[in-house]
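> The structure under discussion is supplied below as structure tokens; questions concerning it will follow.
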Amino acid sequence: MSRERVAAIVPAYNEEANIACVLQVLCQVPEIDQIIVVNDGSLDRTGEVAASFPKVTVIDQIENQGKGAALKVGAEAADADILLFLDADLIGLTVPHVQQLLKPVLDGETDATVGIFDGGRTSTDWAQALAPFLSGQRVLRRALLTGVDHIDEARFGVELQLHRQLKRMGKVPKEVILKDVSQVMKEEKLGLAKGFAARMRMYWEIIREIPRI
């Protein structure tokens with residue numbers, strides 16, 4: 001019996017300095033059949049860097065539409081039964097980490113998983129310890145997305161939408177510990193002032209989603 005197809009979807013906005021590290025890992029995972037980068041209106045070379053990987057399909061969006069819309073576009077373009085969502089700015093990601101996220105779903109143990117950072121960096125570990133449901137590292141069966149509303153409007157609130165709506169379906173994601181994985185902070189990408197402002201916008205987009213749930 002042939003195994004189910006897996007598509008990895010990476011939403012990216014101005015991640016030319018970080019995305020190659022994630023794509024190098026994904027290209028080495030034998031369980032992954034398709035890799036899609038949704039270049040969400042980047043103003044840098046994110047799309048060019050992603051396109052330099054022969055196994056990667058790049059979908060360029062002219063304007064930035066937000067993370068939720070990027071995930072939806074990637075999911076619609078995927079030819080797979082199982083979807084893997086990963087952020088483009090991960091640090092310390094390895095092939096075993098990706099396989100650990102995929103295995104419970106591929107084995108039929110659960111229909112969804114969520115990756116939780118541990119031992120990577122204090123700042124990201126602390127954030128996910130407080131709110132693990134906001135992690136962008138996820139695997140789920142494609143069929144579950146048919147029951148999820150508003151993700152294209154959610155922007156950075158998309159993880160909250162996914163978590164709450166999956167829970168309503170009785171599909172609580174299995175937590176998978178991603179040892180020594182973290183991600184680049186907004187303040188590191190943009191500087192303290194711009195990074196802090198971007199973080200506040202992200203928190204507002206998350207809070208804004210609560211009434212829709």
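> What ³J(HN,Hα) values, in whole Hz, does the Karplus curve 6.51 cos²θ - 1.76 cosθ + 1.60 give for the stretch 76-83 when θ = phi - 60°, with x put for Gly and Pro?
Once θ is set to phi - 60°, the couplings for the stretch 76-83 become 5, 7, 6, 10, 7, 8, 10, 10 Hz.
> Obtain the nm distance between the two label points defined at GLU63 and ARG141 by a simple spin-label model: each point lies 7 Å from its Cα along the Cα-to-C-beta direction.
3.7 nm
> Say R0 is 35 Å: what FRET efficiency, to the nearest 0.05, do LEU43 and THR94 get from their beta-carbon distance?
Values: r = 30 Å, r/R0 = 0.86.
That pair, LEU43 with THR94, gives E of 0.70.
> While we're on this one: So what is the accessible area of the stretch 1-94 per residue, in Å², with the probe set to 1.4 Å? Before the final figure, lay out each step's value.
On the way: 4110 Å² over 94 residues.
For the stretch 1-94, the solvent-accessible area averages 44 Å² per residue.
The values are calculated or read from the model by the stated rules, or taken from the named source; none is laboratory data. Here the structure is a predicted model, which means the values were calculated and not measured. Positions of Cβ are backbone-derived with ideal geometry, glycine not excepted, and every protein chain shown enters the neighbour counts. Note: areas computed on protein heavy atoms with side chains; ligands, DNA, RNA excluded. Shrake-Rupley method; radii C 1.70, N 1.55, O 1.52, S 1.80 Å.
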